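Before any comments, here is the structure.
FYI, it's all coordinate maths here, none of it is from the lab. In this text the structure is predicted, and so the values were computed from the model without any measurement. Please note: Cβ atoms are built from the backbone with ideal geometry, for glycine as well, and neighbour counts cover all protein chains shown.
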Amino acid sequence: MWGGRFSEKPADLMQAINVSIGFDRRLAGQDLAGSRAHAAMLRKQGIISSEDAEAILTGLDAIEGEMTAGAFPFREEYEDIHMNVEARLAELIGPTAGRLHTARSRNDQVALDFRLWVREACDRSVGQLKALQRALLAKAEAHADTLMPGFTHLQSAQPVTFGHHLMAYVEMFGRDASRFADARERMNESPLGAAALAGSSFPIDRHFTAAELGFHEPMGNSLDAVSARDFALEALSAASIASTHLSRLAEEIVIWMTPQFGFIKLSDAFTTGSSIMPQKKNPDAAELIRAKVGRVFGALTSLTIVMKGLPLAYGKDMQEDKVPAFEAFDALELSVLAMAGMVSDLEPNKEKMAAAAGAGYSTATDLADWLVRTLGIPFREAHHVTGAAVKRAEELGVDLPALALSELQSLEPRITLDVYSVLTPAASAASRMSYGGTAPAQVRAQIARWKEML
Ligand code: ARG
């Protein structure tokens, strides 16, 4: 491509460090789309003739055919996807191929291809996160009344419903999807036409190519257009946060699956066995999802450091932007899909969950609330009386609902039999009717709201 200025071939090591076709071939589709838009614009503006444009577009179609058939020759000597396409075009249509690069540089070309790829990755992620939300919604609806312990500090706190717990993740993944949508909105400006860095002396129409490629408008500064990778950083930030949420749910699945908790079962489809311990059913998918956040966050860190301190405009450093983004989205997408599969697959053990929901004096707050509501005692004092009741129950080795009325009355003589109506986990959960609370009626209202939105 630059034989005019060069008389010798690059050293093997130069070639080895410089070549990117091994990974940027993933941008082939975006590269063809960009070239088509550019060729159509060159024709419209009279910068190339209609016949040349026609030949170029036909050649690009042929290349796409070769790629679909797996017959396209990706060659290391042409370094990257851009030069591979151009070289192949020249083989197919002859010297006319050389007109395609008029008013264009690989700098705006790669900025465009990568931006298109990240935009698509964001769109895919939104779709997959929504599918995961639907899987969670279906499971939450089936278990809007299924009791389980709610935890703080992973200690029994107050009874909640399994549906309520799952809906918390619907909220998180909803925000993750909206982060990708926001990032997409901001990145949706076209760098094409920035050329090498300074723009073009040809009468190009950047608004036309922007519209052709589904962008709102062209980027306003050609230096920025070829240098900016914050769109990828933003997408990777969104991916990192989403992975964090996935890892939290994955961790809960791992905990719930232990025989000691025994809250859920996963089918054979989402577990693996042990080569030595015949009794094992391991939640490997959950563990791997829990771990993938490392790759995703690693990608964000990696690209942040590549970009840090880079002077304007393009630097070859930026070729190192792609692998992290590919890896991160591969990991994220697989994680979201596997999580949706696991969520649909898992079945709670209602008896075990309900028993655990009542353990650990989980309705102590309900006793305190009863004292406040019925006897008009200030909450701080009610908290103290209830603490004493828990202590007494612990001494006697019974749960709170099994503590005799006489025991309770020795702590507060005005307590009546009515108090027992609030001490079961079911009554406790059903009483939390505040907006967003765990009462099954509230959980159903949130499920209905999300069904509407999805
Ligand atoms: N393969 C390069 C990259 O991924 C394309 C742009 C190269 N531009 C240049 N002036 N060498 O960044």
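Before moving on, here are some points about what is shown:
- Condition check for Pro311: within 16 Å of the ligand (Cβ to nearest atom) and surrounded by 15 or more Cβ atoms within 10 Å (Cβ to Cβ): no
- Being assigned to a helix (DSSP H, G or I) and within 16 Å of the ligand (Cβ to nearest atom) holds for only one residue in Leu116, Leu137, and it is Leu116.
- Count of residues meeting criterion [part of a helix (DSSP H, G or I) and buried (at least 19 other Cβ atoms within 10 Å of the Cβ)] in the stretch 269-294: 7
- Which listed residue is assigned to a loop (DSSP other than H, G, I, E, B) and either within 16 Å of the ligand (Cβ to nearest atom) or surrounded by fewer than 17 Cβ atoms within 10 Å (Cβ to Cβ) (or both), from Arg104, Arg25: Arg104
One line per residue, one yes/no per condition, for (1) of a type outside the set (Val, Ile, Thr); (2) under 40 Å from the mean Cα position of the chain (by Cα); (3) within 16 Å of the ligand (Cβ to nearest atom); (4) at positive phi:
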| site | (1), (2), (3), (4) |
| --- | --- |
| Ser49 | yes, no, no, no |
| Glu54 | yes, no, no, no |
| Leu57 | yes, yes, no, no |
| Glu66 | yes, yes, no, no |
| Ala69 | yes, yes, no, no |
| Glu76 | yes, yes, yes, no |
| Ile81 | no, yes, yes, no |
| Glu86 | yes, yes, yes, no |
| Leu92 | yes, no, no, no |
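- Residues in the stretch 322-360 that are within 16 Å of the ligand (Cβ to nearest atom) and surrounded by fewer than 21 Cβ atoms within 10 Å (Cβ to Cβ): Val323, Phe326, Glu327.
- Those residues of the stretch 121-138 which are touching a Gly at 6+ places or on another chain (Cβ under 9 Å) and surrounded by fewer than 24 Cβ atoms within 10 Å (Cβ to Cβ), in sequence order: Lys130, Ala135
- Cross-chain or 6+ apart pairs with Cβ under 9 Å, the stretch 317-328 first and in contact (Cβ under 8 Å) with a residue 24 or more places away in the chain, then near the ligand (Cβ under 8 Å from one of its atoms) and charged (D, E, K, R): Gln319/Asp24; Gln319/Asp80; Lys322/Asp24
- Residue within the stretch 296-303 that is within 30 Å of Ala232 (Cβ to Cβ), hydroxyl-bearing (Ser, Thr, Tyr), surrounded by 15 or more Cβ atoms within 10 Å (Cβ to Cβ) and touching a Pro at 6+ places or on another chain (Cβ under 9 Å) present: yes
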